[in-house]
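A short write-up of the structure that comes next.
Bear in mind that the values in this text are calculations on the coordinates, not laboratory data. From a predicted model like this one, the values you see are computed outputs, not experimental measurements. Ideal geometry is used to build each Cβ from the backbone, glycine not excepted, and the neighbour counts take in all protein chains shown.
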Amino acid sequence: MDLFQQSISSLRKQLGSGEICPADILDSLATSIEAKNEAIGAYLSYDLDAARDEAKTVDLTLPLGGIPIAIKDNINVKGQPCSCASNFLQGAYTAPYDATVISKLRAAGAIPYGRTNMDEFAMGSSTENSALGKTVNPHDHTRAPGGSSGGSAAAVASHTAIAALGSDTGGSIRQPASHCGVVGLKPSYGRVSRYGLVAFASSLDQIGPITQNVEDAALLLNTICGSDALDATSLDQNVPDFTQGLHDGVAGMKLGLPKEYFGEGIDPAVREQVNKAIAGLESAGAELVEISLPHTEYAVATYYIIAPAEASSNLSRFDGVRYGNRAKTPADMLDLYRSSRDQGFGPEVKRRIILGTYVLSSGYYDAYYNRAQKVRTLIRQDFQNAYQDVDAILAPVSPNAAPLLGADKDNPLQQYLADIFTISANLAGICGISVPCGKVSSDSGNPLPVGLQILGPHMGEEKILKIARAAEKLG
Ligand code: GLN
């Protein structure tokens, strides 16, 4: 097997024994990127020469020593562009510092070398909202990779990256991982520092790994998690070695099946694959328990009030004065703000800013934003109640396999509705992982991957990784 096709753990073994050196991995990766990136479009930019320089001095005894990692384009890596796939920042902003996850990766010997495509400012579920280019699904080039971390998922799936980081505000790690047939982990809120992640919705955002297998997800989580003085919402508790106990199996575990997640609206072929994985976990010794998450039906509406509200506030910093695009020859100060924003932001970002500003405005704040916060509490309580009886919850990731490119072009609401199975985890602050569980056939004849989603309680990553590993073993 070529080096570019191998997992972190396999490469680490060969680096450790001296069979290969980091430059060999980068050379192999370069061949793969050059051969495939034009067709797939996973990267916005990469710099393998700089990576080769870094590789010369890397300490191979470190846990990720010599491993190149692709980074979603909303995470700051000092000296590299950070555009959030937006015209606002493209060509106009170079990261002046490392995000905490990047400092941690570097301290573990990893090399961040490339920027992956995404929906503009992480708003979307297909990566088609990128202002900077198209990413296709490596399994079928007429289909979207999912989003918003579609570049990271497509890079790992096409073996143009060994592993990647993404961010998940409402499903943006798990959903593209599911559509591309790779593993995607959204950590619990507070597990990973958000310092240096360009904020979309601060109470929902988390950075997490997108990898070829569950063990690599555990390895990356080991490195990036932990409390951080630079992010007051990062938590200092229970930071185990996530690779320990990974292979313990699911015997004796109680796994909940929320009835609201298996009703109408799921493609029957997707449901069949998810059910097959669930049956496999049962044969491996897990006990299945039917549960209810009664406020699920309000999750999409709640998320699409809270996320745009926070986005409208976070994106107010893009004003033409401090960052990125600045309108030429504005008539006055107000016109500078207005024109810079009008030119810089794409249609979905504008839609969210307008929606968010509306729900936060005087007179509507109580009716929309405040009420959404109350429903958010009910959604969180649904999960807390469920975890009294079960260790983790099993669910689909998305009602469908990867959509055709352009399928939701004129219907953003349709795309919002497809987030139904992923956004509750962000509203509740819990952790979730998508692990490939099968394939469905499509009209175009290419089998499309489907993911099983495992949702764990807050700070329950050890459990969901163990279950994901058991699911992965089912094949
Ligand atoms: N699809 C959701 C949205 O558009 C989630 C995006 C994300 O997780 N970044 O907001």
Taking a temperature of 10 °C and a viscosity of 1.306 mPa s, what whole-number D in µm²/s does Stokes-Einstein yield for the stretch 120-241 with Rh from Kirkwood over alpha carbon pairs?
-> 111
Using only C-alpha atoms and all pairs of different ones, pull out the Kirkwood radius for the stretch 246-343 in Å with one decimal.
-> 18.3
Please pull out the direction-averaged projected area of the stretch 1-114, using the convex hull of its alpha-carbon atoms, in nm² to one decimal place.
-> 7.2
The local net charge around Pro258, scoring Lys/Arg +1 and Asp/Glu -1 for residues other than Pro258 whose Cβ lies under 13 Å from its Cβ, equals -4
Given Cα pairs under 8 Å that are at least 6 residues apart, what percent is the relative contact order of the chain?
-> 17
What ³J(HN,Hα) values, in whole Hz, does the Karplus curve 6.51 cos²θ - 1.76 cosθ + 1.60 give for the stretch 362-373 when θ = phi - 60°, with x put for Gly and Pro?
-> 4, x, 10, 4, 5, 5, 10, 5, 4, 5, 4, 5
With -39,500 (n - 2.57) per DSSP H segment of 4 or more residues and division by the full residue count of the chain, the 222 nm estimate, nearest 500 deg cm²/dmol, is -11000 deg cm²/dmol
Reference-scaled alpha-carbon Rg (2.2 N^0.38 Å with N residues) for the stretch 101-154 | 1.29
How long, wide and thick is the chain, going by the Cα atoms along their three principal axes, in whole angstroms, largest first?
-> 69, 55, 49
Per residue of the stretch 197-213, in order, report the coupling 6.51 cos²θ - 1.76 cosθ + 1.60 (Karplus, θ = phi - 60°) as ³J(HN,Hα) in whole Hz, putting x for Gly and Pro.
-> 8, 5, 5, 9, 10, 4, 7, 10, 5, 8, 8, x, x, 10, 9, 6, 8
How do 189-196, 103-110 rank on mean C-beta neighbours within 10 Å, highest first?
-> 189-196, 103-110
Could you rank the peptides 161-170, 418-427, 464-473, 280-289 by their average count of other C-beta atoms within 10 Å per residue, with the highest value first?
-> 161-170, 418-427, 464-473, 280-289
Find the all-direction average of the projected area of the Cα convex hull for the stretch 329-455, expressing the result in square nanometres with one decimal place.
-> 12.0
Using a simple spin-label model with points 7 Å from Cα along the Cα→Cβ vector, what separation in nm is obtained for Ser441 and Tyr97?
-> 5.5
In nm, what is the difference between 0.36 nm times the number of residues separating Thr61 and Gln414 and their Cα-Cα distance?
-> 122.2 nm
Counting other Cβ atoms within 10 Å, which trypsin sites (Lys or Arg not before Pro) in the stretch 311-370 have at most 15 and lie in a DSSP loop?
-> Arg322, Lys328
